[in-house]
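S.K.: For reference, the structure I am asking about is given below.
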Amino acid sequence: MRADAQRNRQRLIEVARRQFAAGEGKVSLEAVAREAGVGIGTLYRHFPTREALVAAVYRTERGRLAAAADELLAERAPDRALRDWMDLFADYVATKREMADALRALVADGTVTRSEAREELSGAIRRLLDAGVADGTLRADVNAEDVVVGVVGIFTVCALPEQCDQARRLLDLLMDGMRRGRPDQGGRDG
């Protein structure tokens, strides 16, 4: 792909991501093209269907979320990095909400698989957990896939904007369960 075509593709994905995350109703492909500074024909050359655009946004966002684990570990302690990663997951979920119908269709036809997503996200969490085990802040017996399921579950039951505070509290509880307890704090030593 030529460099200008690659830039157009990335710009379309980024604009679509922002519009999906804004949650202002159904995202218009024409509006995506217009904001990206390209014609609708360019959008359709890269993404022949709405579902193709949704799949590209979804995969891009999931990849960013997975890569964020390493970026966070470079900047902060592993337990803090893991908790901050969970907050990034909230942004990821917000983007997915507006794409929900299209994502269901992509899962149904096999274009997107839950196992692929779970594997990528579990890998990111595993890196965070391993770093926390190495520095003594996180328990060694925590399963990364269990954490993915826990985080997904929290955002499934706390899906409404007015439940954001409750979601944060539940994420804090999940983190507390993963931290290695210290005898002076009455916690369990893991």
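The values are calculated or read from the model by the stated rules, or taken from the named source; none is laboratory data. If you're wondering where the values come from, they're calculated on a predicted model, not measured in any experiment. Here the Cβ positions follow ideal geometry from the backbone for every residue, glycine too, while neighbour counts run over all protein chains shown. Keep in mind that these areas ignore ligands, DNA and RNA; they rest on the heavy atoms of the full protein, side chains included. Shrake-Rupley method; radii C 1.70, N 1.55, O 1.52, S 1.80 Å.
S.K.: Counting other Cβ atoms within 10 Å, which chymotrypsin sites (Phe, Trp or Tyr not before Pro) in region 21-103 have at most 16 and lie in a DSSP loop?
M.R.: none
S.K.: Let me ask something else. What residue among 115, 88, 74 has its Cα farthest toward the positive end of the dipole of region 60-133, where the charges are +1 on Lys, Arg and -1 on Asp, Glu, each on the Cβ?
M.R.: Most positive-ward Cα: 115.
S.K.: Restrict the search to region 1-54; then list the trypsin sites (Lys or Arg not before Pro) that DSSP places in a loop and that have at most 13 other Cβ atoms within 10 Å of their Cβ.
M.R.: For trypsin sites (Lys or Arg not before Pro) across region 1-54 that sit outside H, G, I, E and B with at most 13 neighbouring Cβ atoms in 10 Å, the list reads 2, 26.
S.K.: Keeping all protein chains in position, work out how much accessible area residue 158 exposes to a 1.4 Å probe, and write it in Å² to the nearest 10.
M.R.: Residue 158 has an accessible surface of roughly 10 Å² with all protein chains in place.
S.K.: Between residue 152 and residue 4, what FRET efficiency comes out of the Förster formula 1/(1 + (r/R0)^6) with R0 = 41 Å and r the beta carbon distance, rounded to 0.05? Spell out each step's value before the answer.
M.R.: Working: r = 38 Å, r/R0 = 0.92.
Between residue 4 and residue 152 the formula returns 0.60.
S.K.: Can you give me the % of accessible surface on the chain that is carbon or sulfur? Probe 1.4 Å, all protein chains present, nothing else counted.
M.R.: On the chain, the fraction of accessible area on carbon and sulfur atoms equals 50 percent.
S.K.: Any idea of residue 115's accessible area? Nearest 10 Å², probe 1.4 Å.
M.R.: Rounded to the nearest 10, the figure is 80 Å².
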